[in-house]
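Working notes, structure below.
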Amino acid sequence: MRIIIIDDEKHCRTGLGIMLHKYCEGTEVQAMCANGKEGIRAIELHHPDLVFLDIEMPGMNGFEMLEQCPDHNFEVVFTTAYNEYAIQAIRHSALDYLLKPINKDELINALERARQEKNMKPAARVNELLELISLKKDFGQVALPTIDGLMMINSNDIIYCESESAYTRFFMVDKKCITVSKVLKDAEILLAGKGFFRVHNSYLINLRYISKYIRGNGGEVIMNDGKNIPVSRTKRQDFLDRLEKL
């Protein structure tokens, strides 16, 4: 079975490759890719039977990568710690997923299911998943956990999110600031596919509200509310690539 691994975290790619070699006979890892662009090129080059795909990656998440693939003639196993809606959509589409850290027995079971379902219209399952994710993206609402319960807000009303230790502050178009006891990575996962980009370890921004980008080592963006936000040097190229697609 020809396999491609796509994950922005090197230790995850390497670890999964080692597990496949050690526990899953008959598998051949043809490529390990650090982002969606590399993944698309590898899929076009190698025509894999199975792709292990991380959902939350900088620049282009796993769903966006699948949308840009010219065909989906391969099985997909998502490797993720993703939000519950996405997991429900994956299940509904009869696709498979593995929660990180990946368990050996669950990996072996996923490989066996992929072998059994080979040539059973994987493209139809992927397309159904993308339709479900698109519906959720269009709906736009997200639930933020607060002391009193869940606060339903529209993701389009968030200008940017700022990390503050173990908390995240959501800055809104109506000038309100909502503080949630979640780290910024959780906010990034919650808002995946909704037009946000992690430009810095401390900031997640809504691309709709960028007023200006100022060049520099990493540069900085000025948001519509006047906030200056730094762009990490390591994020700069992915960020500029994303802006070109707007």
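The values are calculated or read from the model by the stated rules, or taken from the named source; none is laboratory data. Just so we're clear, the structure is a prediction, and the values are computed from it rather than from any experiment. Quick reminder, even Gly has a Cβ in these numbers, built from the backbone with ideal geometry, and neighbours come from all protein chains shown.
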Quick check: is even one residue across segment 202-221 touching an Asp or Glu at 6+ places or on another chain (Cβ under 8 Å), in a strand (DSSP E or B), under 22 Å from I55 (Cβ atoms) and in contact (Cβ under 8 Å) with a residue 12 or more places away in the chain?
yes
Determine whether L150 is in contact with a Lys or Arg (Cβ under 8 Å, 6 or more places away or on another chain) and part of a strand (DSSP E or B).
no
Take the residues in segment 190-238 that are aromatic (F, W, Y) and under 26 Å from L144 (Cα atoms), then tell me which one is modelled with the lowest pLDDT.
F196
Quickly run through segment 195-208 and pick out the residues that are crowded, with 19+ Cβ neighbours inside 10 Å and over 12 Å from K235 (Cβ atoms).
F196, N206
Segments classed as helices (runs of 4 or more DSSP H), wholly inside segment 58-145, with at least 2 members that are modelled with pLDDT of 90 or more, on the phi > 0 side of the Ramachandran plot and assigned by TED's automatic domain parsing to the domain that holds G17:
none
Filtering segment 189-212 down to residues that are among the aromatic types (F, W, Y) and touching a Leu at 6+ places or on another chain (Cβ under 7 Å), which residue is nearest to G59 (Cα to Cα)?
F197
Options R233, R215, R208, R242; residue that is under 28 Å from A34 (Cβ atoms), touching a Phe, Trp or Tyr at 6+ places or on another chain (Cβ under 6 Å) and not acidic (D, E)
R242
Whichever residue in segment 105-134 is of a type outside the set (S, T, N, Q) and over 17 Å from L50 (Cα atoms) and, among such residues, is surrounded by the most Cβ atoms within 10 Å (Cβ to Cβ):
I133
Can you find a residue in segment 188-201 that is of a type in the set (D, E, K, R), outside the structural domain of N61 (by TED's automatic domain parsing) and part of a helix (DSSP H, G or I)?
yes
